[in-house]
1. Can you work out the FRET efficiency for the pair Asn163 and Leu96, with r the C-beta to C-beta distance and R0 = 30 Å, to the nearest 0.05?
2. What does the net charge come to around Leu68 if you take all other residues with beta carbon closer than 13 Å to its beta carbon, with K and R at +1 and D and E at -1?
3. Leaving out ligands and nucleic acids, and using a 1.4 Å probe, what accessible area per residue does the chain come to in Å²?
4. Normalized C-alpha radius of gyration of the range 99-231, against 2.2 N^0.38 Å?
5. Averaging over every viewing direction, what projected area does the convex hull of the Cα atoms of the range 53-176 cover, in nm²?
6. Using each residue's phi in the range 216-231, evaluate 6.51 cos²θ - 1.76 cosθ + 1.60 at θ = phi - 60° and report the 3J(HN,Hα) Karplus result to the nearest Hz, with x for Gly and Pro.
7. Obtain the nm distance between the two label points defined at Arg105 and Arg50 by a simple spin-label model: each point lies 7 Å from its Cα along the Cα-to-C-beta direction.
8. Can you list the residues, at least 5 places off or on another chain, whose amide H is less than 5 Å from the amide H of Val38, using H built in the peptide plane?
Amino acid sequence: MSGYVHTVWPVKTTLITGGSSGIGAALAKRLVADGQAVAVTGRDKARLARIPGVLHLPGDSTDYDAVLDAVTATVKEYGRLDHVVASAGFATHDRLTETDPDRLRDMILTNVLGPALLVKAALPALRETRGRIVLVGSVAGFIHSPGNMYSVTKWAVTALAENTRMLVTGDGVGVTLIAPGRVDTPFWPDGPPAGPALSGDDIAGTIAWGLAQPPGVDVNTVVVRPTGQPT
Ligand SMILES: NC(=O)c1ccc[n+]([C@@H]2O[C@H](COP(=O)([O-])OP(=O)(O)OC[C@H]3O[C@@H](n4cnc5c(N)ncnc54)[C@H](OP(=O)(O)O)[C@@H]3O)[C@@H](O)[C@H]2O)c1
C-alpha cells in the first residue's frame with residue numbers, strides 16, 4: 001500500500017480588500033471554490049453580504065483601525081492569515097484639469113494609502129505563516145497619459161510593491177504586483193472603452209496562480225492585458 005497522504009490542512013486563508021465587486025469578488029469566489037477560507041472587506045454592507053461563503057468585514061480600506069480590525073477578525077475566525085490582496089480601488093476617469101479635488105483626495109487615499117495600511121496591519125500575521133501580499137496595480141502604473149492622476153496612484157502601487165518586497169523578503173513573505181489592463185467590471189461606470197477587455201475571472205485566475213506558487217517561489221510583477229489592447 002502506498003504511504004502517500006495528501007495533506008490539505010491547514011486551509012489557506014486570504015483577506016481581500018474590495019471583495020464585494022469586480023476582481024475582488026471574482027477572486028473570493030475562485031478561492032472559495034478552491035477550498036480556501038476567505039474574508040472580504042468593502043464599504044457597502046449590503047453589497048458585501050451578497051458574496052457567498054466568506055467572512056464579511058465591512059470597512060473602509062483607508063481607515064487603519066478598520067483594516068487592523070479586519071486582519072484581527074480574520075485570524076480570530078480562521079486561526080491564521082496566509083494571504084492579503086489589496087484590490088479596493090477606483091478611478092475618477094477624468095483629467096487633473098477637470099477633476100473634483102475631494103474625489104481626487106479619495107482616489108489617492110484609496111489607491112495608495114489603502115494598500116500601504118493593509119501591508120502594515122497584516123505583516124505580523126503574515127510573518128507567522130510566511131505568507132503572501134498581492135497588490136492590484138494597473139497597466140496605468142507602467143505607462144503615462146496626460147493629466148491622469150489614476151495613473152499616478154498606480155505608479156505609486158508599482159513602487160509600493162517593490163519597496164514592500166524589499167522590506168519583507170527577509171521574513172519569508174512574498175509580494176506580487178498584479179497589473180491588469182482593461183477588465184470588464186463596475187470600475188467602468190459606463191462599461192469599458194471599446195475594444196478587448198478581460199473578465200474579473202481572468203484576473204482572479206492570475207492572482208490565484210500567484211498565490212499557489214510553492215514555498216520559496218515569489219512571483220513579483222505580472223502585467224496582464226487582454227489580447228489586442230494596444231497601450
Ligand atoms: N477594471 C479595470 O479595468 C482595472 C484595470 C486595472 C486595475 N484595476 C484595479 O483593480 C482593482 C479592483 O477594481 P475592480 O475593477 O474590481 O472595480 P470594482 O468592481 O469597482 O470594485 C472595487 C471594489 O473596491 C471596493 N472599494 C472601493 N473603495 C473602497 C474603500 N475605500 N474601502 C474598501 N473598499 C473599497 C468596492 O466596494 P465599496 O464601494 O462598497 O467599498 C468594490 O468592492 C482596483 O484597484 C482597480 O484600480 C481595475
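The values are calculated or read from the model by the stated rules, or taken from the named source; none is laboratory data. Predicted, not measured: the structure shown is a model, and the values here were computed from it. Backbone-built Cβ (ideal geometry, glycine too); neighbour counts: all protein chains shown. We work out accessible area using only protein heavy atoms, side chains counted, and drop any ligands, DNA or RNA first. Shrake-Rupley method; radii C 1.70, N 1.55, O 1.52, S 1.80 Å.
1. It comes to 0.75.
2. In short, -2.
3. Using a 1.4 Å probe on heavy atoms only, each residue of the chain averages 50 Å².
4. In units of the globular-protein estimate, the range 99-231 measures up at 1.10.
5. Mean projected area for the range 53-176: 8.0 nm², to one decimal.
6. Residue by residue, the range 216-231 yields x, 10, 10, 6, 9, 9, 10, 9, 10, 10, x, 4, x, 6, x, 10 Hz.
7. Each label point is offset 7 Å from its Cα along the Cβ direction, giving 3.0 nm.
8. Amide H to amide H, under 5 Å and 5 or more residues apart or across chains, Val38 pairs with Thr14, Leu55.
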